[in-house]
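Here is the structure we will look at.
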Amino acid sequence: MIDYALVFAFSCFGIALLFNLYRVVFAPGVTDRILALDTMTINMLAVLALYGVMEGTTMYFEASLLFAMMGFVSTVAYAKFILRGDIIE
């Protein structure tokens, strides 16, 4: 039963990633692109966690934590660049 749930979750998050990719490419504004990239990061965290459940190892959970930290830092840096024009003051 867990196999069917994992396949369903993988397909849902895969579709969500495709929708986010569409939003990154065809967004009307820069802020929409930032939000779509941040949402893609969250969806990739879920995919990594699901893959860790499927494989039965904790290595992918640690990888998802690193990916979350990098996603947060990149979102903040990109938003700061859009607001001020530079990242390092």
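Being in contact (Cβ under 8 Å) with a residue 40 or more places away in the chain and not hydrophobic (A, V, I, L, M, F, W, C) is a property that does not hold for Thr41.
Let's see how each residue does on (1) within 30 Å of Met1 (Cα to Cα); (2) not charged (D, E, K, R):
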residue: Leu18; (1), (2): yes, yes
residue: Pro28; (1), (2): no, yes
residue: Leu35; (1), (2): no, yes
residue: Thr39; (1), (2): yes, yes
residue: Met44; (1), (2): yes, yes
residue: Leu48; (1), (2): yes, yes
residue: Gly71; (1), (2): no, yes
residue: Lys80; (1), (2): no, no
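Being under 15 Å from the mean Cα position of the chain (by Cα), modelled with pLDDT of 95 or more, assigned to a helix (DSSP H, G or I) and not polar (S, T, N, Q) is a property that Leu35 lacks. Can you find even one residue in segment 57-73 that is of a type in the set (Asp, Glu), part of a helix (DSSP H, G or I) and more than 13 Å from the chain's Cα centre (by Cα)? Within segment 57-73, one or more residues are of a type in the set (Asp, Glu), part of a helix (DSSP H, G or I) and more than 13 Å from the chain's Cα centre (by Cα). Counting the residues of segment 80-89 that are of a type in the set (A, V, I, L, M, F, W, C) and outside any helix (DSSP H, G or I) gives 2. Of the candidates Ala5, Ala46, Ala77, Ala27, the single residue that is free of Cβ contacts under 8 Å to residues at least 24 places away in the same chain and either in contact with a Phe, Trp or Tyr (Cβ under 9 Å, 6 or more places away or on another chain) or not in a helix (DSSP H, G or I) (or both) is Ala27.
Counting just the residues of segment 5-58 that are small (Gly, Ala, Ser) and closer than 28 Å to Ala79 by Cβ, which one comes out surrounded by the fewest Cβ atoms within 10 Å (Cβ to Cβ)? So the residue we want is Gly29.
The values are calculated or read from the model by the stated rules, or taken from the named source; none is laboratory data. This one's a predicted model, so the numbers in the text were calculated from it and none came from an experiment. FYI the Cβ positions are ideal-geometry reconstructions off the backbone, even for glycines, and counts take in every protein chain you see.
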